[in-house]
Amino acid sequence: MPTSALALFDFDPSGAATGYRLVDPAQPALTVTELAATRGDGVFETVGLHEGRPIKAARHFERFANSVRMLDLPAQDTSVWDAALREVAAALDAGPEGWVKMVLSRGIEGGDAPTGWAYATVSPSTVSVREEGLRVVLLDRGYRNDIAQTSPWLLQGAKTISYAINRAAYREAAKRDADDVVFTTSDGYLLEGPTSTLVLRTGMTLHTTRTDLGILAGTTQAELFEWAARNGYSTVYERLTPADLAAADAAWLVSSVRLAAPIRAVDGIPKPVDAALTASFTAHLHSLATPSAG
Ligand code: PLP
């Protein structure tokens, strides 16, 4: 069976996907005037797969619709995208891990239809990062904590495909002998990772950044907070500072493919890893992998 699969969407005149075709992922599929490629003008979702099945797909579609609205892209019929998601996932050689990236862009420059695709692939194991943990550095994103309110055109909170800055942050982390990043605001608050949400634990309380601080609302964090609330934890969204991270009993960067990756050092200072809670987080997220929408 293949290790990748690709569906290309067809659109009606309103720009809503009406169906899709499975095509060979090794063949070229986009034109050079595609705005996804030339301007990064589009939105995406990456859905984690466990044993070939999507994890928490419904949360991804909810956020996808929000990103679509924020970028004034045409509204989509979730059932068409969900069918494609499940078909490309099912086409893979069902190893333990994989992901599907769904993209909707503004289409070809000067054209009148969006471009959309769903690409599935098996992925290397993420077990080691959950076992060994991450060394993170704090990097200033250069925005104040209130920019989502003052400057909505910066699209903070939308999952756009413009990720050059996020990738530059990873290169900066590597130069500082670290594995990952926690962005901070210019006025001193913790934000998120370049592809993840920050979660802290103090005692039986889990903390994360308020989503109105100009971060992406994480589907993994939201799911873990609901699980935690059912399992005796308090959960809070707040303005967190580097001092809160330093004082926390444990911390994670959580996301859809790596799941909950514990932070084991911050700017070179070691941090204890909570292996037991990490394992519970993983078990819960794996249990959500469903054959139908969920
Ligand atoms: N924040 C950013 C900037 C991201 O790119 C991502 C995921 O890629 C996340 C947070 C985590 O989101 P999720 O848990 O939905 O994967």
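See the values below:
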| item | result |
| --- | --- |
| Some residue of region 272-280 being over 30 Å from Val122 (Cβ atoms) and of a type outside the set (S, T, N, Q) | yes |
| Test: residue in region 72-82 that is farther than 20 Å from Pro25 by Cβ and assigned to a helix (DSSP H, G or I) | yes |
| Residues satisfying the stated conditions in region 6-30, i.e. touching a Ser or Thr at 6+ places or on another chain (Cβ under 9 Å) and outside any loop (DSSP other than H, G, I, E, B) | Leu8, Phe9, Asp10, Phe11 |
| Count of region 129-150 residues which are aliphatic (A, V, I, L, M) and either open to solvent by 30 Å² or more (accessible area, probe 1.4 Å) or in contact with a Lys or Arg (Cβ under 6 Å, 6 or more places away or on another chain) (or both) | 4 |
| Answer from Thr46, Thr38, Thr31 - the residue that is open to solvent by 10 Å² or more (accessible area, probe 1.4 Å) and within 16 Å of the ligand (Cβ to nearest atom) | Thr46 |
| Candidate set: region 170-188, residues that are within 15 Å of the ligand (Cβ to nearest atom) and crowded, with 19+ Cβ neighbours inside 10 Å; chosen: the one nearest to Asn231 (Cα to Cα) | Val182 |
| Residue under evaluation Arg59, criteria (1) touching a helix residue (DSSP H, G or I) at 6+ places or on another chain (Cβ under 8 Å); (2) assigned to a strand (DSSP E or B); (3) among the charged types (D, E, K, R), criterion not met | (2) |
| From the options Tyr237, Tyr233, residue that is within 16 Å of the ligand (Cβ to nearest atom) and either open to solvent by 30 Å² or more (accessible area, probe 1.4 Å) or among the charged types (D, E, K, R) (or both) | Tyr237 |
| Subset of region 206-237 [hydroxyl-bearing (Ser, Thr, Tyr) and farther than 21 Å from Gly133 by Cβ] | Thr211, Thr219, Ser234, Thr235, Tyr237 |
| Members of region 219-230 that are within 14 Å of the ligand (Cβ to nearest atom) and open to solvent by less than 50 Å² (accessible area, probe 1.4 Å) | Thr219, Thr220, Gln221, Ala222, Glu223, Leu224, Phe225, Trp227 |
| Conditions (1) open to solvent by 20 Å² or more (accessible area, probe 1.4 Å); (2) not in a helix (DSSP H, G or I): number failed by Arg86 | (2) |
| Candidates Arg167, Arg144 - the one that is within 14 Å of the ligand (Cβ to nearest atom) and either modelled with pLDDT under 95 or outside the structural domain of Val103 (by TED's automatic domain parsing) (or both) | Arg167 |
| Residue satisfying condition, being more than 16 Å from the chain's Cα centre (by Cα) and over 26 Å from Pro194 (Cα atoms), within set Gly52, Gly110, Gly133, Gly40 | Gly110 |
| In region 128-141, the residues that are outside any helix (DSSP H, G or I) and either closer than 14 Å to Pro262 by Cα or within 14 Å of the ligand (Cβ to nearest atom) (or both) | Gly133, Leu134, Arg135, Val136, Val137, Leu139, Arg141 |
| Residues being open to solvent by 50 Å² or more (accessible area, probe 1.4 Å) and within 15 Å of the chain's Cα centre (by Cα) - total across region 151-163 | 2 |
| Among the residues listed as Leu206, Leu200, Leu216, the single one being within 16 Å of the ligand (Cβ to nearest atom) and under 24 Å from Thr160 (Cβ atoms) | Leu216 |
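Here's the yes/no breakdown for (1) farther than 30 Å from Val273 by Cα; (2) touching a residue at least 12 places away in the same chain (Cβ under 8 Å); (3) open to solvent by less than 50 Å² (accessible area, probe 1.4 Å):
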{"site": "Phe64", "(1), (2), (3)": "yes, yes, yes"}
{"site": "Ser67", "(1), (2), (3)": "yes, yes, yes"}
{"site": "Asp77", "(1), (2), (3)": "yes, yes, no"}
{"site": "Leu104", "(1), (2), (3)": "yes, yes, yes"}
{"site": "Glu109", "(1), (2), (3)": "yes, yes, no"}
{"site": "Val122", "(1), (2), (3)": "no, yes, yes"}
{"site": "Val127", "(1), (2), (3)": "no, no, no"}
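The values are calculated or read from the model by the stated rules, or taken from the named source; none is laboratory data. Being a predicted model, the structure only gives us computed values, none of them experimental. Don't worry about glycine lacking a Cβ; one is built from the backbone with ideal geometry, like all the others, and counts go over all protein chains shown. Keep in mind that these areas ignore ligands, DNA and RNA; they rest on the heavy atoms of the full protein, side chains included. Shrake-Rupley method; radii C 1.70, N 1.55, O 1.52, S 1.80 Å.
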